[in-house]
Structures are given as C-alpha cells and as structure tokens.
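Written out below as structure tokens is the structure these notes cover.
The values are calculated or read from the model by the stated rules, or taken from the named source; none is laboratory data. In this text, all values refer to a predicted model and were calculated from it rather than measured experimentally. Virtual Cβ from ideal backbone geometry, glycine too; neighbours counted across all protein chains shown. Calculation scope for accessible area: heavy atoms of the full protein, side chains included, ligands and nucleic acids excluded. Shrake-Rupley method; radii C 1.70, N 1.55, O 1.52, S 1.80 Å.
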Amino acid sequence: MVATRSFVPVSPDSDFPIQNLPFGAFRAGDETRLAVRLGDHVVDLRALAEAGSFDDAALADALAQPTLNALMGLGRPAWRAARATLLRLLAEDEPRLRDDAALRDRAIRPVAEVDVVMPVTIGDYTDFYSSREHATNVGIMFRGKDNALMPNWLHLPVAYHGRASSVVLSGTPVRRPSGQTKADDAEAPSFGPCRLLDYEYEMGFFTGPATRLGEPVPIDRATDHIFGMCIVNDWSARDIQKWEYQPLGPFLAKNFATTISPWIVTLEALEPFRCAGPAQDPEPLPYLRATGEQTYDIRLEVGLQTPAMDAPAPISLSNFRYLYWSMAQQLAHHTATGCPLNPGDLMASGTISGPTKESRGSMLELCWRGTEPIELPGGETRKFLQDGDTLVMRAWCEGDGYRIGFGECRGTIEPAL
Ligand code: MN
C-alpha cells in the first residue's frame, strides 16, 4: 500500500506528492548530493544513507554518490527497495525520521535554498521519431503528401544517435546556433544565425542496468532497463535541418542544445497511469511484439512567453500516449544488434504530436511551416522562436485527488554570437 500523505506538508496541487518521489540532485556547498523531490522540499539521500536508513549496502553506497548512474546500474529490485524505504520513512504516521529532529533538519531542505543540478552523467543520447502524426506532418511539409511516411516507418522505430555533450538542465539559456543554410531560391548556401529556431516536445527515459556488447535486450525484458522518465526539449534549427538532413538525418540542426527536466519520475510512480498505445498495423516483427498496456497517460503542455509577456501562454496540449512506438519497442530495437546500454543513457521519444492541431509538438507543425502564425495574448505572433522567448514544457499524470508531475523544462533563447 502506497502512503498517500507525508509528514512533510505538500500542497494538493503539487507535482511532487509522496506518491511521486522523483530522483534528482542538488548542490550544497562543494558537494553534489542525490535527492528525491517531495512538495517544495528535497530529501537528501546521502544523509539518509549515512544514517543507516537503507539495509542494502550496495543501495546505500549508490545513493551516496553525486550522480544517479550507480543507482541506475543496480536495476529494478534496488529501485523498488529505495522507493519502498522512502515511502515508509516519509509517511505521515512514521516517527523514525519525523521525530528525529537532527536527521530531519539535515535531510529535508526547502528546494528554494539549494541549486538543483544535472543528476546523471549521460553517456549516450539517442533520439527517436516515434510519433506517427509528427512524422506524417513533417513528411508532408518536407517531401509532399505522397511520400509523407517513409516505407520503413511503420516497421521500425526510426532514430538517430544524438549528442550527450549538449544535454542541459531546465533553466539553462539556449544560444541561437549559427550554421549553413540555403534558401530555396538561393544559388548557393550561406553561413549565419539560424532563422527558423524551433522546439520539439518530447519525453525521454534513462537506462540501466548495463548490457554487454553483442547481447540484445528482448522486448519482454526491456522495461527492466528503464529507470524513469523526464521531459525533453529537442531544440531544432529548421533551416539548417532542411539543408543538411539528407541522406544521414539531423546533425548540427539538433546538436547545439537539448534541455531536460531535472526530476526523473520512476516507472513505479507512473504505474497507476499505464495504458494502451495506438493499435499497430501492420503487426510488428516478433522482436518488437509486446502484449499488455505498453504506455502511460501523461498530459503534456507547452507554454511560450515573449519578453513582452508576464507569463507563458499555452500553445500546445498533448499526451504521451499518442506515441506509436513504445519505450520497450524503442529499447528492444536499439539493442537488437547487440549495441550495449550503459546506466544513464538517455533515449528520447521524438516529437509527440497528436491527432488535433492543438496537440502538435513543434512550432513547425503548429504554424504549418510558417503559414499559420501562433497568436499570443497581447497581440504578438510567432512562427518560430525569437531571441528572448522562453519555452516552458510541463507534464503530469492526473490521479484521483493528486498528480504525478514532472515539474518544468524551461529555456530562454539568447541571441547568436
Ligand atoms: Mn527530436
């Protein structure tokens, strides 16, 4: 039975009730420490581990590290044990931590008083392309209606290997990239600041434990290697992308910044929100076939705030469940060749677009390549992002009287160098 109330006060509309307990990290003095988020507080896992709160020595050691990689490497039994211990310790009626003033004050701190930092050393980053609606929309715009969905798309989860080095935490400013572009009517390409800067609303998952070179992960064991999820903004330079992408896919159009939300929500916390994804036709090949509910009902929202606005205005509402290919299928496909996984690899879903106009997951699609500008409160319009614009992505599961939220994934555009 999951505790539903903590002795730490949590407001009823918080993204982070005790049922959530997402993992992250914060900086205190010279040290980075792992934490779970609870309401407006962080719970210092190293402080709890050093006080003997976790029975298992390997788990206690992993929780005392400055990144989540060791914990991710331990696997689901350890992830479950950590969660069970934390749920027990933080419950309203549990006196051990509640009534130990010294440990409580050391371990539970207001989030406003610490710096939340990147909790994972990300080894590899892969970006999928798993929304049928997104792939269709982009295909129509780039190649025309007849070639919208490539012949492979319904048979395998398409992806490219991205750059882990430019994955940044929510709040990090994003500099407008410069690159090579060529206008349709220009004779020759030119180099300069991107003019069609866009976002892509995605969600990502972190992997663990490690697998060995040459050993695929079968689909029925794929979720054993998924620690938890975060929001991902795959910032995209559309004019650079359009000129460079054939035949090998995105390169500089995507490698200047990828922003993630700071709190990693575990599959255990998401379990009540498991649901079926879209029907798959044609039936996937056996190595991609899975039974049962394979995805999660996670609501997604994008807000845009220009320098003239006081608060972000919602420009898109969508849902993670629209994705055609599941995380298990992505992971099984990724490792089918024997490509190894390491704890802390990041895999992102690809832009999540839904069936309606408001559920489109990028400005390229919302504005249909600039032909239908977004109208903002106050009278401004946008086709693509301008310098000073701030993008705020949110995601949450709506429970009965509570929500399992991801917090926000935020970034502000700075002018090109
Ligand atoms: Mn993407």
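Structural remarks
- Checking each residue in region 124-153 for being acidic (D, E) and more than 16 Å from the ligand (Cβ to nearest atom) picks out only D146.
- Scanning region 356-373 turns up no residue that is open to solvent by 10 Å² or more (accessible area, probe 1.4 Å), aliphatic (A, V, I, L, M) and in contact with a helix residue (DSSP H, G or I) (Cβ under 6 Å, 6 or more places away or on another chain).
- When G292 is tested against (1) open to solvent by 60 Å² or more (accessible area, probe 1.4 Å); (2) modelled with pLDDT of 95 or more, just one condition goes unmet, and that condition is (2).
- Residue within region 255-266 that is in a strand (DSSP E or B) and in contact with an Asp or Glu (Cβ under 8 Å, 6 or more places away or on another chain) present: yes
- Meeting the requirement of 3 or more residues that are closer than 30 Å to L341 by Cα, touching a strand residue (DSSP E or B) at 6+ places or on another chain (Cβ under 8 Å) and within 16 Å of the ligand (Cβ to nearest atom), the strands (runs of 3 or more DSSP E) wholly within region 178-254 are 201-207, 226-233.
- Matching residues, region 353-394, being in a strand (DSSP E or B) and within 16 Å of the ligand (Cβ to nearest atom): S362, L391, M393
- Candidates R80, R104, R88, R96 - the one that is touching a helix residue (DSSP H, G or I) at 6+ places or on another chain (Cβ under 7 Å), in contact (Cβ under 8 Å) with a residue 60 or more places away in the chain, part of a helix (DSSP H, G or I) and open to solvent by 60 Å² or more (accessible area, probe 1.4 Å): R80
- Tabulated pairs, region 1-13, first over 11 Å from E94 (Cα atoms), second at pLDDT below 95 and open to solvent by 60 Å² or more (accessible area, probe 1.4 Å), C-beta under 9 angstrom, 6+ apart or interchain: T4/G401; P12/G401
- The lone exception for I18 - which of (1) assigned to a strand (DSSP E or B); (2) surrounded by 21 or more Cβ atoms within 10 Å (Cβ to Cβ) it fails: (1)
- Hits in region 112-160 (condition: modelled with pLDDT under 95 and open to solvent by less than 20 Å² (accessible area, probe 1.4 Å)): V138, G139, M141, A148
- Residues of region 10-62 classified as among the β-branched types (V, I, T) and either touching a Gly at 6+ places or on another chain (Cβ under 7 Å) or over 19 Å from P110 (Cα atoms) (or both), total: 1
- Given (1) more than 24 Å from S318 (Cα to Cα); (2) more than 16 Å from the ligand (Cβ to nearest atom); (3) not in a loop (DSSP other than H, G, I, E, B), index of the condition T121 fails: (3)
- Among the residues of region 278-334, those identified as polar (S, T, N, Q), more than 23 Å from K357 (Cα to Cα) and touching a residue at least 12 places away in the same chain (Cβ under 8 Å) are Q294, Q329, Q330.
- Subset tally (residues that are under 24 Å from P262 (Cβ atoms), among the hydrophobic types (A, V, I, L, M, F, W, C) and within 16 Å of the ligand (Cβ to nearest atom)) for region 299-352: 9
- Extreme residue, farthest from R360 (Cα to Cα), among residues of region 191-226 that are touching a Ser or Thr at 6+ places or on another chain (Cβ under 7 Å) and among the aromatic types (F, W, Y): F191
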